[in-house]
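The values are calculated or read from the model by the stated rules, or taken from the named source; none is laboratory data. Note that this is a predicted model, so its numbers are computed, not measured. Every residue, glycine among them, receives a Cβ derived from its backbone with ideal geometry; neighbour counts consider all protein chains shown.
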Amino acid sequence: MKLDNNNHSVFMLHYHLIMCIKYRNNVINDEISNRLKEIFEKIAPNYNITLEEWNHDIDHVHILFKGQPNSEISKFINAYKSASSRLIKKDYPEIKKSLWKEMFWSQSFCLLTTGGATVDIIKEYIKSQGKKDGK
């Protein structure tokens, strides 16, 4: 449990976020994923959000993060999607030819609270995502 500035307890909620590339285009490799993760970690503290686990496939990312109940999750996700899209296209201009009208992220996303599953179970699930050994 974490305490705020007034020594009140602050409960953290865990979320599992899945975001896809527009039209599920295959553009995420390890280097792009690492850059997307760096951008997430840079923006997250502004919204009282902490990254717990990150993984990717070629067309989507899985993210486990925690936030305070007053964290503005939808504002954070929109800010992240906007900044990461802009920075990825700037850092990797060749990616634009693999995107539809230069749109990086799909407009929709899946956000789940972790519910009854333990954080360790969610972390293991996220670690297991992505194609391994050509399968």
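Details
- Pair list, Cβ under 6 Å, 6 or more apart: segment 16-41 residue closer than 16 Å to LYS101 by Cα, other residue assigned to a helix (DSSP H, G or I): ASN25/SER98; VAL27/ILE95; VAL27/SER98
Matching residues to (1) modelled with pLDDT of 90 or more; (2) surrounded by fewer than 17 Cβ atoms within 10 Å (Cβ to Cβ):
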position	(1), (2)
ASN29	yes, yes
GLU38	yes, yes
ILE58	yes, yes
LEU64	yes, no
LYS101	no, yes
SER128	no, yes
LYS131	no, yes
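- Within segment 62-71, one or more residues are without any contact (Cβ under 8 Å) to a residue 60 or more places away in the chain and of a type in the set (Ser, Thr, Tyr).
- When restricted to residues that are hydroxyl-bearing (Ser, Thr, Tyr) and within 22 Å of ASN34 (Cβ to Cβ), segment 67-121 contains 7.
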